[in-house]
């Protein structure tokens, strides 16, 4: 990862990175950061507007919106990230093995993936909740079970594409072990693809979690979650539209930051997409002068 | 001496449960003396590249053996590379995420030894193939086709293997660069006593570089001749091929 410094030359990427890390830290240290108890009800403060004690106002039960947002980071961001990491991890292992060894291994693993695909995702989630009970951890378990096959498919395609390259052939001719070839050659090349696909599914997972919370199957009522806050606001959409703003804007900003960041990460990791710096351009010019003999 | 003895290779056709096979190499027998340059000539699809992959040990033959001094070719982890390679497609022959230095270091790292010592060897190999030392920290997409191919040659000789397999190594370059690379290969052959197995479909470049040529057709060896006797080939196919070039 010696190319990471390219990432922070991009201002937007740096800003997104700071925003994401701040969010994560605030989520982890929620009890110390949040100004109020997120579950404390003040019926006299229903839909109260912004005040010094309640910086983002109060919701329909008079609870502190800011504190609820902060506590909501945990299920909405932290748990989703962990779930994503697990499913991408399983998918990557399966995808690498299938894509690299091909033939029978590939056929076997991909048929398993096909079987996983034949279960409709939402129905599978509902079935798991039906068996294991209501709760966010069961939804996340269902997500892992469904999503890994999808990641395996995408990562396999990317691995196959690169494992036929001639630098892999050369490495094989040197007698390098398969594991080392995967780690040294194929992982860095496929990493941008993996990052971009997982970031795009991150936002859809956040939305799905809130969808299940809305159905009452995910995060349970007094606990805060961004999607659930939106749903609570939805009930008063026409009389108090401003209640929607806080969770809505937070979700949009965070998901955009993730997307910007991964986009920049992809560019930073790929030497071919790195913009040519000033010193570098000078080097190119020199080379052009020195190598006039060579045509192509 | 490298001995290829009754090598057969099939590829499976059709789907998962198909038993249909296509024979790509049929009973290949030849000997290769270390230090000589053997050209393998044939039209597309005649099995030359498959034979190349077998020689490199990337794939295994279905039957028959390929032995170097009576031993199996590839032994993992020993750091000894029997045969090194330069491939055709210079756009994918170096990992796009590797600098020139890293690419050459990969070959050097196969052998035991101090990392620092190896890093100092990179410059030596770059000069050896006529590249500027400023290329060291460049990525392959910043180099021209001829330069990438030179890096590949440097990487191949850095393995210190006695023989280099050139699989259409100059075919994707344009005319004048082809000649430069051929001259470099010839120079290295004379200076370092390197041997080549030169897979190509271009008889002229094979005639320039090789001591012997092997003409292949449909997975079989048609004829092996010394380059001095190239005019006197016996088999009708080889004759026809030569006539087409002379005309």
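Throughout, read-outs are computed from the coordinates displayed, never taken from laboratory work. As the structure is a prediction and not an experimental result, all values here were calculated from the model. Cβ atoms come from the backbone with ideal geometry, glycine included; neighbour counts cover every protein chain shown.
Some observations on this one:
- Note on residue A:42 and residue B:114: with the Förster distance fixed at 56 Å, the Cβ-Cβ geometry gives a FRET efficiency of about 0.20.
- Folded to 0 to 90 degrees: helix A:11-28 orientation relative to chain A principal axis, Cα: 50 degrees
- Applying 1/(1 + (r/R0)^6) with r as the Cβ-Cβ distance of residue A:50 and residue A:82 and R0 = 41 angstrom yields a FRET efficiency of 0.80.
- Solution diffusion estimate, µm²/s, Stokes-Einstein, chain B, Kirkwood Rh from C-alpha pairs, 37 °C, viscosity 0.692 mPa s: 173 µm²/s
- Inter-chain Cβ neighbour average for residues A:160-172, partner chain, 10 Å: 6
- Distance between region A:53-131 and region B:1-56 - C-alpha centres, whole angstrom: 48 Å
- Counting Cβ atoms of other protein chains within 10 Å of each residue's Cβ and taking the mean over peptide A:174-181 gives 5.
- Reference-scaled alpha-carbon Rg (2.2 N^0.38 Å with N residues) for chain A: 1.25
- Acute angle (nearest 10 degrees) that the helix B:115-128 long axis makes with the longest principal axis of chain B, alpha-carbon atoms: 60 degrees
- Between region B:113-188 and region A:16-40, the Cα center-to-center distance that results, in Å: 54 Å
- Alpha carbon convex hull of the protein assembly as shown, volume per residue in cubic angstrom: 200 Å³
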